[in-house]
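Read-outs: derived from the displayed coordinates by stated rules, not from any lab. Just so it is clear, the model here is predicted, and its values are computed rather than measured. All Cβ positions, even for glycine, are placed from backbone atoms using ideal geometry, and neighbour counts span all protein chains on display.
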């Protein structure tokens, strides 16, 4: 269904739909508009949840999100949608909107995936996610895993139940992995992670000297309002349209998109760290660029937003690492840091900044992880998730399991539970099976980078100029604009010539981090 | 239906509903929960609209709000609700929830009011409101009424159409007046406004000297983050529960409530005015107190929130004026101002602050209006609205009409359109018929104040202590907790012994502002 390959099929050959089919296409559009309204409302509510909502709001918000989820389930899985799908099967889309055939295909797949899951179960899942988010916040405040563990266990139990409802014959964790990244399962991820884990382990003893001993970072304090202005400058430099951006503040940075015209990014500020928020802004900005450059015609359809979590993370990590930690980018970045905090950065040069932001230092906190050891943090989470879903471990076992895996892979132990197993918001939101997409994203991104370079995009030149448009142009053309109209593997093959091939990623790490 | 008058009817006498009726009550609760989810989502989206949304978000947001409105219309006016109402007619509520009979009555009235208005018309209204909000913002930026006038006229035309659809035999402006304040119309408001207008006009030449020549207010600049902290202190002093409060920033302050557990207030800061934001915080805080003290059992029903716009404004204006501009409150207020801006307020005392915040100075801006001339600003808007709805004036005529009325009633002319007819957000949101409730609120509030004093509440003592709980306790008992379960007139009669009687308000103004 390569609708936009020019000349593949003369436009005149496409038949117009019958009058009856045209009415069905219209009704399908009205249904999609309703689902858009629900998605949009959900994005607003969830963004408020992580940025501005007070504690007492949680119960009502959970009820609201539960109703929204149930409505969407009804719209997607109800008889009305079934009848429309039957009426439109095999019918050509209106000639002016050939992409609507992709829309129908993706809609039908989403429907098939959820048809087995009773609305009541989905509603309960949404409720437990909200409750568990609150429990996670309280557990962090109290530094007490015991306040989170019961919610977590109950969420895992329910997610196993939902996975079985969707596909009784499939391993429940594989069901969730496939939801975030169509086509992935443990059989594919096990060798991927062991290959990446071994490569990083072999690199650590051969690390280049200049990444091991950076100058101490300035300690501030850095005014929150000034950091916010810096974030806007970063967003502008990345090429985000500020007329489409909401920027909020949170603990764990996140992007909630409404459509290509409205992207909401919640970033964090740290009064004693002027760099951490910059990199999370670069990261979330990558998500925002993707969502805001999906073809605007897809806005109120199921084709809006990115095609998978892994491809999405490939974009965020592209801007965080392949742009943000590139030597060629340092003058532009240092310029922005100095504009807002001139005293703190006095005496720094591009090389010193490069060493600072690329310092390799195994840490217990994923958010502080360097580019090299980052996938090891993901490996830990992947193993914990597998154990929870297989029943080998229960929620109460997680802190010991977690600390042991950190010791084993990174050689460090968290000082306490807040910088240990309570550090991520994901599980509290029911995002099991999501973490692997971060590691996949790194590997996809390196593959995109090589393809871009092969085609002659002057990446370093663009970074040195502080004008990222040649990079963004390539990504928009090959990835962003397609939204969900193409599968991850199709995107990869068409943009790079092959399916996932981790050798690009491993070669990149070797090139950047190893002694020569 | 005085369900909570103890002993009026022994509980044992109330029959339990039949099994069939019990099922209908349950289904009615499920319907109300859906409507709650829509209301709640709408509150989140509308709050984002005025606080954080970027310009490009407007089209998608309008579509979302349009769908939400249409859904709510379907739920309220659809056959399902009709069948439930028929099934529950005359049925007793479950004995543990006697208040649900009020819920049914209010739901049925809301339904009757909207049943004549086609969903498509309501959806179009919501769309035009969103478009016109955007046009208003652009017109303000450009200082050009012409950018707003076409949207405004199209909104007025449609509101007339909606009013006719609701009640063909009634004057369209009266329809909207009655929606915001059940029981009011032009026949009742005309004499009210002429009485208040004459009283204020007769007071102005007899104004007490101490209100005419206050010391100049400190000019700042006042840091926005510090002002925000001051607003939180004001909220705390008013008795708002910060665990239920979202505080955002906007041009025109507004309160959007989700339920009694979550109130969202958008306030404004002015870098050169440390007082204006304090009074809008006191005002919006009054709204927030009302909504957050409605009986929690009403949260997910149509009984949540205040009973009418006028009673709501009586609470906001109570805290703004009868609390905030009371001489006895000055030491507490000055203490807060000095805590956050000690240099700016150095050398001020309670009497100087009292003169400053009570200075009478006819101004072209409603938001800057003093307590005495405030109702004249409302009178201007009332007359403009009447002219627009009767067709005597069109949107393009408004600036000239507006300026002429300001000249006539206040003796001032706006320096430009932004401080003239573009100053309020209300019309752009379709809030025609709302302004009169501000003036009614002042009159209701004075009547509540007299009743409170008659019953021996030590208002001045509470203000002097900076502990407003005796005042809040009276208001909660008589007004807040009832939500929409009682009509405005019932609230008034039960709390004060009579229907609206403007003499309390006029006596208050005379007592406070006139030479003796």
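Brief remarks follow.
- Using a 7 Å projection from Cα along Cα-to-Cβ, the label point at residue B:154 is separated from the same position in the remaining copies by 4.9 nm, smallest value first.
- Taken over region A:359-516, the alpha-carbon convex hull comes to 158 cubic angstrom per residue.
- Fraction of antiparallel bridges per DSSP, the protein assembly as shown only, in percent to nearest 5: 60
- On Cα atoms only, tilt of A:79-88 relative to the major axis of chain A in degrees: 80
- From least to most packed, judged by other beta carbons within 10 angstrom and beginning with the fewest, A:467, B:346, A:53 follow the order B:346, A:467, A:53.
- Each other copy holds its own label point for residue A:206; taking that point as 7 Å from Cα along Cα to Cβ, the gaps run 9.7 nm, nearest first.
- Directionally averaged projected area (convex hull, Cα atoms, region B:39-102), nm²: 6.0
- Whole-angstrom gap from region B:450-472 to region B:141-179, using each part's C-alpha centre: 41
- Overall dimensions of chain A as given by Cα atoms, namely Rg and Dmax in Å: 23.0, 72
- Spatial offset of region A:184-225 relative to region A:319-346 amounts to 20 Å, using the alpha carbon center of each.
- Chain A: angle of helix A:19-51 to the longest principal axis, Cα-based, in degrees nearest 10: 30
- Alpha-carbon centroid distance for the pair region B:229-259 / region A:64-87, whole angstrom: 37
- Take the Cα of residue B:30, step 7 Å toward its Cβ, do the same at residue B:219, and the gap between the two points is 6.5 nm.
- Copies compared at residue B:339 - label distances in nm, ascending, label defined 7 Å from Cα in the Cβ direction: 3.8
- Calculated mean residue ellipticity, 222 nm, the protein assembly as shown: -18500 deg cm²/dmol, from DSSP H runs (n ≥ 4) at -39500 (n - 2.57) each, averaged per residue and rounded to 500.
- Here, the protein assembly as shown yields an orientationally averaged convex hull projection of 45.2 nm² when only Cα atoms define the hull.
- Chain A: relative contact order as a whole-number percent, Cα under 8 Å and 6+ apart: 18
- DSSP beta bridges confined to region B:224-326 are antiparallel in about 55 percent of cases.
- With eigenvalues of the C-alpha gyration tensor scaled by 5 and rooted, region B:12-169, Å: 39, 18, 12
- For chain A, share of DSSP beta bridges that run antiparallel, in % to the nearest 5: 60
- Rounded to 10°, Cα long-axis angle of helix B:276-292 versus longest principal axis of chain B: 20
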